[in-house]
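One structure is given below, encoded as structure tokens.
The values are calculated or read from the model by the stated rules, or taken from the named source; none is laboratory data. Here the structure is a predicted model, which is why all the values come from computation and not from measurement. Please note: Cβ atoms are built from the backbone with ideal geometry, for glycine as well, and neighbour counts cover all protein chains shown.
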Amino acid sequence: MLTNNLGYPRIGSNRELKKACEQYWSGKTTMAQLAQTGSEIRRKNWELQSEAGIDLIPSNDFSFYDQVLDWSLTVGAIPKRYHEVIMGKSNGELDLYFAMARGYQKDGLDITAMEMTKWFDTNYHYIVPEFVGDQQFKLFSTKILDEYNESKRLGIKTKPVIIGPITYLLLGKEKEADFDRIDLIKNLLPVYIDVLKKLEEQHVEWVQFDEPFLSLDLREKDRAAYTYAYSEIRKAFPKLKIMLATYFGSLKDNASLAVSLPVTALHIDLIRNPEQLESILAVLPDNVSLSVGVVDGRNIWKSEYQLALQLLEVSLSYIGNNRLIISPSCSLIHSPCDLDTEDDGTILTPLSPEIRQWLAFAKQKVNEVVELKQLLNNEKDILPKLDENIRCAENRRSSTLIHKTEVKKRVAGISQKDENRLNSFSVRKDAQHKALKLPQFPTTTIGSFPQTPEVRSWRSKYKKGDLTLAEYDALLEKETEETIRFQEACGIDVLVHGEFERNDMVEYFGEQLAGFAFTRNGWVQSYGSRCVKPPVIYGDVYRPTPMTVRWAEYAQSLSSKWVKGMLTGPVTILQWSFVRNDQPRSETCTQIALAIRDEVLDLENAGIRIIQIDEPAIREGLPLRKADWDGYLQWAVRAFRISASGVGDETQIHTHMCYSEFNDIIQNIADMDADVITIECSRSQMELLDAFADFKYPNEIGPGVYDIHSPRVPSKNEMVRLLEKARSVIPAGQLWVNPDCGLKTRHWHETKKALTEMVAAAKVLREYV
Ligand code: GLN
Ligand code: ZN
């Protein structure tokens, strides 16, 4: 029986990698210093896993930016536009690598970055490989070899992690028409063979091939490519121990394919899909081992040993000791590093001891894997660990911190009436037009205004106690008032207060809702050097007191124009948190929806007539398999409707979504029944609007007319052109004018210029009608 890990967080337990990368990028440190930080993190991670007793310790799971980008460099998939960087006099491979990740503006070159997108259904983002029709591959970077040798020198023999060839191709994108990237497998495979040969020369024993696409919907062609690729690899390396890693879902209709591949071990995710265990065991060939992922790699909850042991015992009964491998469900890069760092001796963790005992981060999860093996082996002295684990699980099941009868009753009592506005949009529309008296093409923004270093410094001073609440409030009031005055002067029709009191659109609400906890150091990599610290939803959620009314009321009191109330929607709050695993996500989402509904009603009572409920994360919550979409969309849309439907006809509900394609979920977006939806659109030159046009979307829409991710100020004419394009597919009476997203990352001077141009563009359009 072996213990195994699929990947360990590489950010460092105090985000050392983030700091080192950012200093290197800003030119404050040398490449050697950055490399040094990298190798220290790797050494610590390997030693930690080795001391814990992990048999199969991963290498090449480290990355300075992203493991998919690492692999593009390994196989030499370097888009043409970067070739000049290679020629240049830069720091060689590393600068090329960062140029691909972040773009390059130096030495007279101006090269855009590669695209980035979400890694399956996680909040991790990878750099999308770019392929052309005659794509050639060759071994370019030797990172995987270097890291393997590095671990060997430390006396730790690791298992290099490779992105499997089919998954690698499927993760990428065709940059030219008329070819299918999966057909590149013939060109790609020789590089894999090359890499493996070099690893074998260094006496590698195990290699891990990540193939998460095996738990997604595949075409017949992709399946054939799997069979072809792995039989070629096996032919070339008859003795190599290959672990084929699947995760984030069930193999389902790909199960027979997966067990037919000539590998040494198959890894399956039993946290997401414990039910797949017996069907896989039943068909697993006698010479294949099974790596069972029984420790949750994507969440922060301590394992329940009794549940894990049940799965392990079933596995044992089928395949015996020698073929069983115990693992986390997936790479641990999706969980924070180490719960022990919550208290650093000076600053205390905000976690209460009761909640803290329910949690496990990466380091603790590694220990869980080892303890499960010891329990299975009945090793002496291990039983107290089981008792402790059972006691903890029981405490969590019955904790009064978690369970609130009132909340459960309220969820059970939700009726049809609560999910529906009083009248249909056609009726509401007239009521709203009468009440709000907005011009054609009303202008608005998405909510946040620049979060300047001053605004952030006030918050941190207030948190440290260097500013009193009254002083902090006064500063925020001043900033809010100036923002209102600017919007009035600029001629915007529907104002916002600017969101200066918010650190983050989820954290701000989580901090005020019951059932949420926060960590001090629970950082997880989002992309590159960017890390997020998601709140922990541990218990039944409700809203003890109003959350935003104070600021909405204050802002509205300053102006005779309408000021929008700003809320984050239930699905987005859920999606960007660590969610409890003791009830379905839909249940937790419904509880949040009721809390937001309470807030919406309080805003309405306070005289706020336009309320925006942001749901930028609706699309990213979609399950990986199409067959599961309906189930998710049903409860997600219902949650939004519950949060929005309490108000009268005259109150206008807005929602906002960014980075989305809408084609395949347009019916569900229409079902949300927001009076107005604002969407990101400018980068696609309004193409995203076609989904709404084709569908004849009935409610009002604000297609973003300028990209807030860029410091570039767009001209009036540019925005007029985009609006004309929008008007050619959507009736004028339905259109709003607004930027793509919130302005919090922009500077004031850009923001002022861009919004002034935007209002001018709306005025041009009004002259036509
Ligand atoms: N209201 C939020 C803001 O303007 C919306 C952010 C988002 O869509 N991600 O910042
Ligand atoms: Zn947005």
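Name the one entry in G88, G103 that is at pLDDT below 95, out of contact with any Lys or Arg (no Cβ under 6 Å at 6 or more places or on another chain) and at positive phi.
G103
Looking at I669, I653, I665 in this structure, which one is assigned to a strand (DSSP E or B) and either under 21 Å from M505 (Cβ atoms) or away from ligand 2 (no atom under 16 Å from the Cβ) (or both)? Outline the logic, then answer.
On the way: I669 fails: assigned to a strand (DSSP E or B); I665 fails: assigned to a strand (DSSP E or B).
After applying the criteria, what remains is I653.
Given the residues P698, P623, P703, which is the only one that is more than 27 Å from V579 (Cα to Cα), under 24 Å from the mean Cα position of the chain (by Cα) and either in a loop (DSSP other than H, G, I, E, B) or within 16 Å of ligand 2 (Cβ to nearest atom) (or both)?
P703
So which of L145, L170 is assigned to a helix (DSSP H, G or I), modelled with pLDDT of 95 or more and in contact with a strand residue (DSSP E or B) (Cβ under 9 Å, 6 or more places away or on another chain)?
L145
Does the stretch 661-704 hold any residues that are small (G, A, S) and either more than 30 Å from R625 (Cβ to Cβ) or in contact with a Cys (Cβ under 6 Å, 6 or more places away or on another chain) (or both), and which are they?
Residues satisfying the conditions are S682, G702, G704.
Hey, T678 hits all of (1) part of a strand (DSSP E or B); (2) in contact with a Ser or Thr (Cβ under 7 Å, 6 or more places away or on another chain); (3) touching a residue at least 60 places away in the same chain (Cβ under 8 Å) but one; which does it fall short on?
Failing condition for T678: (2).
Just to be sure before I move on: is R585 crowded, with 16+ Cβ neighbours inside 10 Å, of a type in the set (K, R) and modelled with pLDDT under 95 in the structure I sent?
On the way: crowded, with 16+ Cβ neighbours inside 10 Å: yes; of a type in the set (K, R): yes; modelled with pLDDT under 95: no.
In short, no.
Filtering the stretch 730-769 down to residues that are exposed (fewer than 15 other Cβ atoms within 10 Å of the Cβ) and part of a loop (DSSP other than H, G, I, E, B), which residue is farthest from ligand 2 (Cβ to nearest atom)?
V769
Go through the stretch 644-667 residue by residue and tally those that are over 26 Å from S710 (Cα atoms), touching a residue at least 40 places away in the same chain (Cβ under 8 Å) and either out of contact with any strand residue (DSSP E or B) (no Cβ under 9 Å at 6 or more places or on another chain) or more than 15 Å from ligand 1 (Cβ to nearest atom) (or both).
10
Would the stretch 497-517 turn up any residue that is away from ligand 1 (no atom under 16 Å from the Cβ) and among the basic types (K, R)?
No.
Filter the stretch 620-643 down to the residues that are within 16 Å of ligand 1 (Cβ to nearest atom) and over 29 Å from V427 (Cβ atoms) and list them by number.
Answer for the stretch 620-643, where residues must be within 16 Å of ligand 1 (Cβ to nearest atom) and over 29 Å from V427 (Cβ atoms): E620, G621.
Enumerate the pairs (first residue in the stretch 133-144 and surrounded by fewer than 17 Cβ atoms within 10 Å (Cβ to Cβ); second residue anywhere and hydroxyl-bearing (S, T, Y)) with beta-carbon separation below 9 Å, excluding pairs fewer than 6 apart on the same chain, so at least 6 apart or on different chains.
T142/T74
Only one of these is within 16 Å of ligand 1 (Cβ to nearest atom) and closer than 30 Å to P336 by Cβ: I611, I596. Name it.
Matching residue, one of I611, I596: I596.
With the condition kept exactly as written, say whether any residue in the stretch 447-464 is under 30 Å from T588 (Cα atoms), within 16 Å of ligand 2 (Cβ to nearest atom) and assigned to a loop (DSSP other than H, G, I, E, B).
Within the stretch 447-464 (the criterion being under 30 Å from T588 (Cα atoms), within 16 Å of ligand 2 (Cβ to nearest atom) and assigned to a loop (DSSP other than H, G, I, E, B)), the answer is yes, since at least one residue qualifies.
Looking at the stretch 391-400, can you tell me whether even one residue there is surrounded by 11 or more Cβ atoms within 10 Å (Cβ to Cβ) and assigned to a loop (DSSP other than H, G, I, E, B)?
yes
So E700 passes all but one of these: (1) in contact with a Pro (Cβ under 6 Å, 6 or more places away or on another chain); (2) among the acidic types (D, E); (3) crowded, with 20+ Cβ neighbours inside 10 Å. Which condition number does it fail?
If we test E700 against (1) in contact with a Pro (Cβ under 6 Å, 6 or more places away or on another chain); (2) among the acidic types (D, E); (3) crowded, with 20+ Cβ neighbours inside 10 Å, just (1) comes out false.
Of the numbered conditions (1) assigned to a strand (DSSP E or B); (2) within 16 Å of ligand 2 (Cβ to nearest atom), I611 satisfies every one except a single condition; which is it?
Unmet for I611, out of (1) assigned to a strand (DSSP E or B); (2) within 16 Å of ligand 2 (Cβ to nearest atom): (2).
Hey, can you tell me all the residues within the stretch 421-444 that are in contact with a helix residue (DSSP H, G or I) (Cβ under 7 Å, 6 or more places away or on another chain) and either on the phi > 0 side of the Ramachandran plot or within 16 Å of ligand 2 (Cβ to nearest atom) (or both)? Walk me through how you get there before you give the answer.
Let us first name the residues in the stretch 421-444 that are in contact with a helix residue (DSSP H, G or I) (Cβ under 7 Å, 6 or more places away or on another chain), namely 421, 439-441, 443.
Residue satisfying the conditions is F441 alone.
With the requirement that a residue be in contact with a helix residue (DSSP H, G or I) (Cβ under 6 Å, 6 or more places away or on another chain) and assigned to a helix (DSSP H, G or I), what does the stretch 290-308 give you?
Within the stretch 290-308, Y305, A308 meet the criteria.
Looking at the stretch 372-388, can you tell me whether even one residue there is of a type outside the set (A, V, I, L, M, F, W, C), free of Cβ contacts under 8 Å to residues at least 12 places away in the same chain, surrounded by 17 or more Cβ atoms within 10 Å (Cβ to Cβ) and assigned to a helix (DSSP H, G or I)? If you could, list the steps in order and put the result at the bottom.
Looking only at the stretch 372-388, we keep the residues that are of a type outside the set (A, V, I, L, M, F, W, C), and these are 373-374, 377-381, 384-385, 387-388.
Remaining after also requiring free of Cβ contacts under 8 Å to residues at least 12 places away in the same chain: 374, 378-381, 384, 387-388.
Among the residues that remain, those that are also surrounded by 17 or more Cβ atoms within 10 Å (Cβ to Cβ) are: 374.
Retained after the next criterion (residues that are assigned to a helix (DSSP H, G or I)): 374.
For the stretch 372-388, residues of a type outside the set (A, V, I, L, M, F, W, C), free of Cβ contacts under 8 Å to residues at least 12 places away in the same chain, surrounded by 17 or more Cβ atoms within 10 Å (Cβ to Cβ) and assigned to a helix (DSSP H, G or I): present.
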